[in-house]
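Down below is the structure, laid out as structure tokens.
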Amino acid sequence: MNKRLRYLLLVLIGLSLYLVTVFFDFSYFDDQDLILTNYPIISNFQNVGQLFSDDVFLSESNFYYRPILNLSFMIEAQISKTAPWFYHLANVIYHLLAVLLLFSLLLNLKVREKKAWYLSLLFLIHPALVSAVAWIPGRNDSLLAVFILSSFLFFIKFIERGGYKDYLWCLLFFIFALLTKEAAVFLPLLFIFYYLFLTKDRIDKEKIWTLVLGTTLSIFLWFLFRSLVVTESLGDIKQIVLTVINYLPVLMVALGKFFLPFNLGIMPQLHESNLIWGGVSFLFLLFLLIRKKIKKEYFIFSLLWFTLFLLPGLLNPDPKISYQILLLEHRLYLPFVGLIILLSQTELINKRRGKISLIIKSTILIFFFTVTLWRLPHFKNPLSFWQYAVTTSPNSALATRNLGVMYYLSGDNEAAMKNYKRSIEINKDEPMVYNNLGLIYLENGDLESAEEYFLKELKINPGYDKAVLNLELLQDLKNQLR
């Protein structure tokens with residue numbers, strides 16, 4: 001099989017698996033805000049400047065600065081308008097592009113072509129990455145992977161050939177990565193580690209300083225521009241360090257989801273996650289290191305990649321928001337590339353030749369492909385999305401509340417009320433749920449209960465505009481009845 005055919009097969013397999021998502025609806029988990037609410041802005045290219053001068057939601061949330069994500073929505077809005085099909089198709093394209101770049105990177109790391117293709121295929125069909133493809137906002141991590149992988153490929157070419165054209169392309173894609181997601185800021189650390197410990201050529205101090213100065217200047221300009229837009233912060237250094245320490249078990253959970261993807265969901269909570277699979281995976285990595293199945297330099301590099309691109313995504317300005325402190329699985333996308341690199345540098349996969357090796361590899365691929373096929377329908381529409389979220393995370397107040405919203409919109413007020421009350425049982429301060437309950441009581445003609453719930457909403461969520469409006473409408477209705 002020649003190289004071009006391998007690239008083509010990755011594309012065809014990816015399309016056969018994910019093209020069905022073109023018929024999926026919006027999930028109403030951020031995509032309604034990013035696309036439907038902001039459509040008057042993203043539908044007109046004259047507003048492109050606003051994408052770079054506002055936060056990702058083009059609102060007052062003012063924390064996540066990700067203009068490239070909104071730019072992708074703006075481009076697709078010219079074709080798809082407010083219909084979801086082209087946004088879903090674009091997600092598939094970004095995933096395929098990331099996989100092809102991963103294959104190219106592995107080849108540039110001198111991995112045998114057959115092995116590089118198998119590992120790229122494994123990444124392509126990995127069931128833990130479904131949300132990065134089937135959930136429209138999940139593309140932020142596949143886009144980040146596209147730019148990070150592109151930058152790293154040109155970085156390798158630069159240190160091998162020394163051409164400044166490669167250097168400029170490396171920096172350009174690094175800047176695109178910074179404008180896509182904040183975790184990209186750690187890429188220069190991987191550049192330096194790779195150059196110092198994983199290249200066979202003599203260290204060239206001029207190249208090191210060129211890399212350091214170029215990436216540092218890029219980060220400085222990005223940070224300066226971002227600070228003009230973003231006003232919220234993560235708190236002081238001590239708070240950030242403590243948050244990272246508290247989230248260290250997430251590393252174990254993520255390891256388990258890569259090697260043994262059994263404990264998957266839409267918004268899994270850390271305290272509900274099974275650490276057993278992660279423990280088994282960690283022991284496997286220790287086995288590779290102790291038995292010298294992988295060079296320790298590559299072992300460290302791969303785990304650095306995995307850790308540096310995973311932990312920053314868990315930081316947020318408001319840790320009280322339940323889903324923000326969860327391991328949302330689209331965030332595993334780029335960290336998993338580090339684990340793919342790790343596997344590419346071990347000969348364990350090739351230890352056994354012949355039929356046994358083929359059976360093991362084929363079984364893994366069939367299992368991954370089957371689980372991914374099984375997961376995909378859960379993303380097809382808002383109701384199935386939130387039903388799956390609640391099934392896999394029964395103690396998520398957010399998921400339960402939003403499932404109630406989906407039932408309410410479908411006209412099933414009884415099921416909506418049941419889920420709203422369950423959400424309150426999980427978290428009595430869950431925002432918006434009291435307002436939603438008030439609406440149902442209002443529709444049922446129970447004005448006293450409706451007023452009670454609107455007031456409860458404003459007590460825990462002061463200034464919530466919809467609750468204020470609903471309370472005013474309720475008072476007007478009371479006055480008319482008098």
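A few notes on this one:
- For trypsin sites (Lys or Arg not before Pro), the sites in the range 179-234 that DSSP calls loop and that have at most 11 other Cβ atoms within 10 Å are Lys200, Arg202.
- Label-to-label distance, Tyr39 versus Arg112, with points set 7 angstrom from Cα along the beta-carbon direction: 5.3 nm.
- Given their separation in residues at 0.36 nm each and the Cα-Cα distance between them, Glu232 and Leu481 gain 85.1 nm when the chain is fully extended.
- Between Leu260 and Glu272, full extension at 0.36 nm per residue minus the direct alpha carbon distance yields a gain of 2.7 nm.
- At q = 0.27 Å⁻¹, base-10 log of I(q)/I(0) for the range 142-206 (Debye sum, equal scatterers on each alpha carbon): -1.18
- Here r is the Cβ-Cβ distance between Leu447 and Leu469 and R0 is 22 Å; the resulting FRET efficiency, rounded to 0.05, is 0.90.
- Assigned charges on the beta-carbon of Lys, Arg, Asp, Glu; the chain dipole about Cα centre (debye): 3300 debye
- Using alpha-carbon coordinates, inclination of helix 67-80 to the longest axis of the chain, degrees: 70 degrees
- Radius of gyration and maximum dimension Dmax of the range 372-447, Cα, Å: 12.9, 47
- Sites matching GluC sites (Glu not before Pro) across the range 374-468 that sit in DSSP coil, with at most 16 neighbouring C-beta atoms within 10 Å: none
- By the beta-carbon count within 10 Å of each Cβ, the least crowded to most crowded order of Val133, Val433, fewest first, is Val133, Val433.
- Extreme residue, positive dipole direction of the chain, given options Val229, Tyr195, Leu458 (C-beta unit charges): Tyr195
- Panel order for Ile364, Ile68, Ile219, Ile203, by other beta carbons found within 10 Å of each beta carbon, from fewest to most: Ile203, Ile364, Ile219, Ile68.
- Sparse-neighbour loop sites [chymotrypsin sites (Phe, Trp or Tyr not before Pro); the range 166-267; at most 14 other C-beta within 10 Å; DSSP]: Phe262
- Residue-averaged 222 nm ellipticity for the chain, from DSSP H runs of 4+ at -39500 (n - 2.57), nearest 500: -21500 deg cm²/dmol
- Note on the range 382-481: with charges restricted to the Cβ of Lys and Arg (+1) and Asp and Glu (-1), its dipole about the Cα centre is near 340 debye.
- Per residue, the average separation of C-alpha pairs within less than 8 Å and at least 6 apart gives the chain a relative contact order of 15 percent.
- At R0 = 22 Å, FRET efficiency that the Cβ-Cβ distance of Thr363 and Phe287 yields, to 0.05: 0.65
- The Val241 and Thr370 beta-carbon pair, evaluated with R₀ = 56 Å, returns a calculated FRET efficiency of approximately 0.85.
- Cα-projected label distance for Glu347 with Ser16, points at 7 Å along beta-carbon direction, nm: 3.3 nm
- Residue order, fewest to most beta carbons within 10 Å, for Thr392, Thr372, Thr216: Thr216, Thr392, Thr372
- Cα radius of gyration and Dmax for the range 62-182 (Å): 15.6, 46
Just so you know, all these numbers are worked out from the coordinates, no wet-lab data involved. From a predicted model like this one, the values you see are computed outputs, not experimental measurements. Neighbour counts run over all protein chains shown; Cβ positions are idealised from the backbone, glycine included.
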